[in-house]
Amino acid sequence: MMADFRPEQINKLTQKFLRGTITAPEMDILEKWYSEKSLENPEWLLENESREDLKQRLFQNIRARIIPVKRLYPLWAKIAAAVLLITTAGIAVFKAKQDTSAGQFSVMGRPGQIRKIMLPDHSLVWLKGNSSISYPAHFSDSTRNVMLHGEALFEVSKDRQHPFIISAGKYITRVLGTSFNIRSNNNGAFKLTVLTGKVQVFYEKNLPNQKPVIVTPGQVYEKLNPAIKPSLAVSTLDNKDAVVYGTQYPMAFEDTRFEEIKRRIEEKFDVSITTDQAAYQQCRISANVTDQSLQNTLKVICASIGAEFSINNDQIKITGGGCN
């Protein structure tokens, strides 16, 4: 007997899958729905459409925001799908590929765009331009490993027991919980800008017994090309602004209305917050919750207005307190 799947539920899970924020139980639901879906009348047919037909159909579905293409196999576990993402600037194409035989996700960006990804440990990654990142569906018991090609800003969840390791070109970057930007290319150039915490960098990842370079907040480790020795310097303000530009990373508020802070939290962490709007209408808050987890962010904001919060998956409820 086919299970009863609500369209709005499946649409929401599909969007979370494509953003990389889906949980394991939610993935089970999505796979079950996909395995029961009839192949005779597929919902998404792109291959035989003209460009104009495709454009019209996409705009008819603009409320859905993300439209996946015709499936190739019965289960999401075997999809290699081209995904169409409707943006305010038009139609942008990116690829989201899952190879569950290896338990891996691969995400590719597009020139001129920044795509936010939430990893299995709730670390945030802003993938920049024509870059790509690969990461497992579930991190191992000992380390959290990802592979980057290009440039990305990382806000890594703090976990001292499970180091976070990024492979980028000939470099290995190792952290426990911090924020930083990495840019590398196929010519051997590499640039690491550290915003918070300490970062260890290893050059020539296959070179044994190498001591790491320690890069601290406000520093930049850079190697322009293989013929030049790497340098360690103080980051300029312009460089710091450039690496966070276009992302939801900055969360410093100065006399900011509660509604604006609520919107920023929802946007950054992909959550929905319900409140008694009247109670907080006059609230203005000054706080810096940059590089803080969702839980810590809510603790600081709620403490400033005497409120409490509860979290149920991606639904947050704020109650009590308020401002006169």
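Laboratory data are not the source of any read-out in this text; all were calculated from the coordinates shown. Nothing here was measured: the structure is a model prediction, and the numbers come from that model. Note that each Cβ is placed from the backbone with ideal geometry, even for glycine, and that neighbours are counted across all protein chains shown.
Extension gain for the segment V213 to D255, taken as residue separation times 0.36 nm less the Cα-Cα distance, is 11.2 nm to one decimal.
Per-residue extension of 0.36 nm, minus the Cα-Cα distance of H122 and Q277, leaves a gain of 53.0 nm for this segment. Computed from Cα atoms alone, the Kirkwood hydrodynamic radius reported for segment 102-247 is 15.3 Å. About the centre of its Cα atoms, segment 102-247 shows a dipole size close to 180 debye [charges on the beta carbon of Lys, Arg (+1) and Asp, Glu (-1) only; nearest 20 debye]. What is the spin-label model distance, in nm, from S231 to H162 if the labels are put 7 Å beyond Cα along the C-beta direction? It works out to 3.8 nm between the two label points. For segment 288-296, 3J(HN,Hα) computed residue by residue from phi via the Karplus equation (6.51, -1.76, 1.60; θ = phi - 60°) reads 10, 10, 4, 6, 10, 5, 4, 4, 5 Hz, glycine and proline entered as x. Rounded to 0.05, the FRET efficiency of the D28 and E267 pair, given R0 = 25 Å and the Cβ-Cβ distance, is 0.35.
Length gained on full extension, M147 to T319: 57.8 nm, using 0.36 nm per residue less the C-alpha separation. For R257, the residues whose amide H sits under 5 Å from its own are I285, ignoring neighbours fewer than 5 places away on the same chain, with H placed 1.01 Å from N.
So which of K128/K262; K116/K262; K128/K198; K12/K198; K170/K299 end up more than 30 Å apart, counting from Cα to Cα? Violating the 30 Å limit, Cα to Cα: K12/K198; K170/K299.
How much FRET efficiency would the formula 1/(1 + (r/R0)^6) give for E308 and A242, where r is the Cβ-Cβ distance and R0 is 30 Å, rounded to 0.05? So, using R0 = 30 Å, E works out to roughly 0.20.
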